[in-house]
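Everything below concerns the one structure shown next.
Since every read-out is calculated from the coordinates, none of them should be taken as a lab result. Being a predicted model, the structure only gives us computed values, none of them experimental. Every residue, glycine as well, gets a Cβ built from its backbone with ideal geometry; the counts of neighbours run over all protein chains shown.
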Amino acid sequence: MTVQRSLSPSRAADFKTCPLLYRFRAIDRLPERPTLEQVRGTLVHAALERLFDLPAAQRTLPSARDLLPGALDRLCAADPEIAALVGREAGGASDLLASAGDLLAAYFTLEDPSRLNPAARECLVEATVADGLLLHGYVDRLDVAPSGDLRVVDYKTGGAPREAFEARALFQLKFYALILWRTRGVVPRALRLLYLKNNAEICDFSPEADDLARFERTLVALRSAIDRATSTGDFRPSPSRLCDWCAHRDRCPSHGGQPPPLPTGQADALPADRAGR
């Protein structure tokens, strides 16, 4: 059976950042322990998604904060590692919920959700582009104006270095913009990043069709590079400042480690690439 070649923004960004990291995540599929930053980000995303289920007048900060405990309970029930992580922390769930609440408070300084009516939240978008490459990913929020203009919104709660983090975020948003252009025939009017940590701010970008066409060619070339690396087993490390945050640093030759033997039979499963967000 032929598996369609595909790509998600997270796996594409992994390969661009470090081919060996891509291998560890997409081929070796090595587990990564959850971190408090990741759990906090998941809680905030869950609360902001569910907030828009409420009537407009009830989309307040207290209502948003009230959504956090249930979201944490669901996370802990679904993943024992998350439950153990929360339990090990000195402040336990209360400190985690308080810090997530602070990020929600920052969100309310940037937008008034009572005035918004998102067309979609946490929605899967897919498109087949040049060379039969299937692109797919999940959009935090998609706004559609009465005029038909599209705005792609992404919430950012992490603490990675700002320059690298923003470059990766823009790559992700252009990925979504390309999918929407190819499926709807409309170039999104705005790509919006909502930064909630530290100094909360909004960053808007306006893509153009020519830019997205070039980006499509870049992604096709990137997928071809992944295919070549998969066929040869040559996934080289690319050391950078991001190594300090890598869960697999101890396996990396650039830091004195040794990667595990390359799994056999993974290449057939690799092109589906459906796990990454």
Exercise. By how many nm would the segment from ARG74 to ARG236 grow when fully extended, if each residue of separation counts as 0.36 nm and the alpha-carbon distance is taken off?
Worked result: 54.5 nm
Exercise. Which listed residue (ALA98, PRO9, ALA119) has the Cα farthest towards the positive end of the charge dipole for the chain, taking +1 on Lys and Arg C-beta and -1 on Asp and Glu C-beta about the Cα centre?
Worked result: PRO9
Seminar exercise, completed: Calculated from DSSP helices alone, with each H run of at least 4 adding -39500 (n - 2.57) and the total divided by the residues of the chain, [θ]222 nm to the nearest 500 comes to -14000 deg cm²/dmol
For this session: Quote the FRET efficiency, to the nearest 0.05, computed for ASN198 versus ASP149 with a Förster distance R0 of 35 Å and r equal to the Cβ-Cβ distance.
Result: 0.70
Exercise. How high is the relative contact order of the range 88-217, in percent, with contacts defined as C-alpha pairs under 8 Å that are six or more residues apart?
Worked result: 23
Exercise. In square nanometres, what is the average projected area of the Cα convex hull of the range 36-115?
Worked result: 4.9
Exercise. In percent, what relative contact order does the chain have, based on Cα pairs under 8 Å that are 6 or more apart in sequence?
Worked result: 27
Seminar exercise, completed: Quick shape check on the range 215-260: root eigenvalues a ≥ b ≥ c of the Cα gyration tensor, a/c under 1.5 is rounded, otherwise prolate if a/b tops b/c, else oblate, and it reads oblate
Exercise. What is the projected area of the convex hull of the Cα atoms of the chain, averaged over all directions, in nm²?
Worked result: 15.9
Problem set entry | FRET efficiency, ALA83 to ALA209 (Cβ-Cβ, R0 35 Å, nearest 0.05) | 0.15
Exercise. Using alpha-carbon pairs under 8 Å, 6+ residues apart, how would you state the relative contact order of the range 36-115 in percent?
Worked result: 44
